[in-house]
Amino acid sequence: MTEKQEMILNAALELFAGEGFAATSTSKIAKRAGVSEGLIFRHFESKQGLLDALISMAETKLGEMYGPVIMETDPRKVIRKTIEAPFRIDEKEYNFWRLQFMLKWQKEYNHPDKMKPLLDKLTGAFEELGYEKPENEARQLNYVIESMSMGTLRGDNTVEDAKKFGDFLIKKYEV
């Protein structure tokens, strides 16, 4: 990827995450990136092409974030690594993750199956540890982590507060 493509994607990400996809024009992206609007179309074809590139990056980042969890064989470590995953996100990437949460509310972009491998792994971990309803435990933990992450990204709680809550979950699950 060229430096200009990165500048365009970063500008699009910042604007999409802050103002929403529909409210952001390609001319505004071009201005923020310091490039011509034509260059956006040459590299990404359309505003939708920009969003598609960012979504593709999300799939890669999700794989990087949860790959170690999926590969883990110890059920306690599976749960612990799942709880700790959001705390490994660099604050510089918050706009990226804000956009992903925003897209979850739009039917055409919400793909719950993306999290299926993680939920399956968590379900297996809870099952192996003898939990009565492992699938419900996995879904509940996923929802709690997602909610905690969303609150941090919105600025409702600090990273330190979220980490304290993560520590609470680690203690609760004895992992």
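Only the coordinates and a few stated rules stand behind these numbers; no lab work does. Quantities reported herein were computed from a predicted structural model and do not represent experimental measurements. Cβ coordinates were reconstructed from backbone atoms using ideal geometry, including for glycine residues, and neighbour counts include every protein chain displayed.
Once C-alpha pairs closer than 8 Å and six or more residues apart are averaged by separation and normalised to the residue number of the range 1-45, the relative contact order reads 39 percent. Among residues other than His43 with Cβ under 14 Å from its Cβ, the summed charge is -2 (Lys and Arg +1, Asp and Glu -1). A DSSP coil position with no more than 10 other Cβ atoms inside 10 Å describes the following trypsin sites (Lys or Arg not before Pro) in the range 13-113: Lys107.
Rounded to the nearest 10 degrees, the inclination of helix 47-71 to the longest alpha-carbon principal axis of the chain is 20 degrees. Dividing the Cα radius of gyration of the range 72-148 by 2.2 N^0.38 Å, with N the residue count, gives 1.19.
Contact order, relative form, for the range 22-175: 22 percent (alpha carbon pairs under 8 Å, 6 or more residues apart, mean separation divided by residue count). Of the chymotrypsin sites (Phe, Trp or Tyr not before Pro) found in the range 6-113, those in coil by DSSP whose Cβ has at most 12 other Cβ atoms within 10 Å are Trp105.
Each of the GluC sites (Glu not before Pro) that DSSP puts in a loop and that has at most 15 other Cβ atoms within 10 Å breaks the chain; the longest unbroken stretch is 46-107.
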